[in-house]
Amino acid sequence: MSNNPVHNEQAVADEIRSRPLHRQGLYDDPRLEEVYRRRVDRLGMRPPSKFSRRLQVINYTLMFGVGSYMVLYQDYGERRHCFTGLRRWYFGKVDRLWSLSTEEEKELRERGQIR
């Protein structure tokens with residue numbers, strides 16, 4: 001790299017002309033083109049708006065819900081399919097969660113809370 005300022009300016013100008021944004025005659029001053037390029041590049045650096053973030057959260061929530069429904073509850077017929085093992089495990093856990101064990105049932109019968 002040379003310390004010659006004329007050579008450095010020419011190198012910068014050549015680099016800017018080689019970029020796809022440059023159009024012949026559109027930017028006469030390479031420094032002006034660089035200012036515009038930075039301005040355009042900065043547009044992509046802004047954080048997403050609150051509305052955009054909320055929409056993204058809603059989108060991911062809906063995708064998770066629809067995917068879970070399709071895997072666990074969608075009717076694929078009586079044949080075995082790729083989700084059969086997962087469904088068996090999931091519904092086994094749900095049944096154990098909402099049912100009473102024999103010990104719990106015996107204890108509740110002794111208290112008279114169930115028949």
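Give me the pairs: first residue in the stretch 86-115 and under 19 Å from residue 69 (Cβ atoms), second residue aliphatic (A, V, I, L, M) and part of a helix (DSSP H, G or I), beta-carbon distance under 9 Å, and six or more apart or on different chains, which are they?
86/71; 86/72; 87/71; 87/72; 90/71; 90/72; 91/72
Any residue in the stretch 40-55 that is not in a loop (DSSP other than H, G, I, E, B) sitting within a Cβ distance under 8 Å of a residue that is not acidic (Asp, Glu)? List the pairs, counting only those 6 or more apart or interchain.
Pairs found: 40/21.
Could you run through the stretch 36-54 and say how many residues are surrounded by 11 or more Cβ atoms within 10 Å (Cβ to Cβ) and under 30 Å from residue 9 (Cα atoms)?
Residues flagged as surrounded by 11 or more Cβ atoms within 10 Å (Cβ to Cβ) and under 30 Å from residue 9 (Cα atoms) within the stretch 36-54 amount to 2.
Each row is one residue, and each column tells you yes or no for (1) assigned by TED's automatic domain parsing to the domain that holds residue 10; (2) surrounded by 10 or more Cβ atoms within 10 Å (Cβ to Cβ).
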residue: 32; (1), (2): yes, yes
residue: 56; (1), (2): no, yes
residue: 61; (1), (2): no, yes
residue: 71; (1), (2): no, yes
residue: 100; (1), (2): no, yes
residue: 103; (1), (2): no, no
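The values are calculated or read from the model by the stated rules, or taken from the named source; none is laboratory data. The structure presented is a predicted model; accordingly, all values stated were derived computationally and were not measured. Counting neighbours? That spans all protein chains shown, and the Cβs are built from the backbone with ideal geometry, glycine included.
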